[in-house]
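The values are calculated or read from the model by the stated rules, or taken from the named source; none is laboratory data. In this text, all values refer to a predicted model and were calculated from it rather than measured experimentally. Cβ sites come from the backbone with ideal geometry, for glycine too, and all protein chains shown count toward neighbours.
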Amino acid sequence: MILTALAVGALIGLVVGALGAGGGILSVPALIYLLGVAPHEATSASLVIVLFTALAALGGRIGKNTICYQIALVFAALATVGTWLGSLANQAVSADLLMYAFALLLICVGLVMLRRAYPGLFRGAARAGSSGVFSDDGAAAADNAGGTSSTPALRAVSATGEVTSIGAAPLWRVALVATITGALTGFFGVGGGFAIVPALTLVLHLPIKRAASTSLLIMAITAVVALVARAQTSLNVDLGVIGAFTVASMLGAVAGAPLTRKVSSQKLTASFAALLLAVAVATLVGQG
């Protein structure tokens, strides 16, 4: 069992290091179907794994100018209430409902990210990209052409067209997305990278590589909040297995971090989408 935990943990760490997400969405099914952990306990154990894996992956990105600290801190703060409520809701639903909802969410987010990677495959996607909805460059152009908004915002575009900090996305939209993302993090115990990365790219128009790095800091903060909210619940798991899983995942995250700089944004996005859809199918098959 320890060897299985080490192998699976290392693979999950590689995904987190490369994509800035994916730790939780892989940890939960792995804990349930490979290590025999009950669903509710798996979601709590996953948060511990996600927290330390995210911190390990962050270590390789600090000083690389890929983490948007201002966006991360504001987003995490806005997500706190949702994270707390989601953690409480997790304890109120059955294990089967939790897993079916988990699979459905992965399918939805996976399809959105697949559209992001290959807009030409979807009807009307090219028109959306030209209006700034799915295009980083288009977003900057749309802001410059469309005038200013009196609504506070959480996005700024540098001279090179790259989003970095406070700027032009309506704050109400950021607050809504952050709250929903936090609720999903707390409910599913998956760290939130699977939802944070799409939120940062689709709502704030961060390039995928910056979104991947920034999401790690958000994941670490929201994981701590979710664990505090679950402090009164028992964690009936083999701590040795979870510890081995966590250490291997941390080492894998460090090894996977350089892939962000070596692989194109489109390939990272497509890989993330494929990962989500594959885990969704595996979860549904496992429940069936």
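Tabulated results
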| read-out | value |
| --- | --- |
| Residue in the stretch 199-207 that is more than 20 Å from K64 (Cα to Cα) and surrounded by fewer than 17 Cβ atoms within 10 Å (Cβ to Cβ) present | no |
| Count of the stretch 86-111 residues which are β-branched (V, I, T) and in a helix (DSSP H, G or I) | 2 |
| Residue identified as free of Cβ contacts under 8 Å to residues at least 60 places away in the same chain and polar (S, T, N, Q) among S249, S265 | S265 |
| Leading residue by the ranking (modelled with the highest pLDDT) among those in the stretch 256-278 that are touching a Leu at 6+ places or on another chain (Cβ under 6 Å) and small (G, A, S) | A273 |
| S265 vs. criteria touching a Pro at 6+ places or on another chain (Cβ under 9 Å), surrounded by fewer than 24 Cβ atoms within 10 Å (Cβ to Cβ) and more than 27 Å from E41 (Cα to Cα) | yes |
| Pairs with Cβ under 8 Å, 6+ apart, first in the stretch 35-47 and farther than 18 Å from A183 by Cα, second surrounded by fewer than 24 Cβ atoms within 10 Å (Cβ to Cβ) and among the small types (G, A, S) | A38/A95 |
| Lone qualifier among I62, I71, I67 - being out of contact with any Pro (no Cβ under 6 Å at 6 or more places or on another chain) and part of a helix (DSSP H, G or I) | I71 |
| Unique match (being of a type outside the set (A, V, I, L, M, F, W, C) and within 17 Å of the chain's Cα centre (by Cα)) among P207, P258 | P207 |
| Residue, farthest from W84 (Cα to Cα), within the stretch 211-245, restricted to residues that are surrounded by fewer than 22 Cβ atoms within 10 Å (Cβ to Cβ) and among the polar types (S, T, N, Q) | N236 |
| Condition check for S44: more than 27 Å from S271 (Cα to Cα), buried (at least 19 other Cβ atoms within 10 Å of the Cβ) and polar (S, T, N, Q) | no |
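Listed here are the residues, each with its yes/no results for (1) modelled with pLDDT of 85 or more; (2) surrounded by fewer than 24 Cβ atoms within 10 Å (Cβ to Cβ); (3) not aliphatic (A, V, I, L, M).
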| position | (1), (2), (3) |
| --- | --- |
| L3 | yes, yes, no |
| L6 | yes, yes, no |
| G20 | no, no, yes |
| G23 | no, no, yes |
| L35 | yes, yes, no |
| L55 | yes, yes, no |
| V81 | yes, yes, no |
| L88 | yes, yes, no |
| D96 | yes, yes, yes |
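Residues are listed down the side, and each one gets a yes or a no for (1) in a helix (DSSP H, G or I); (2) at pLDDT 85 or above:
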residue	(1), (2)
L206	no, yes
R210	yes, yes
M219	yes, yes
T222	yes, yes
T233	no, no
V247	yes, yes
G252	yes, yes
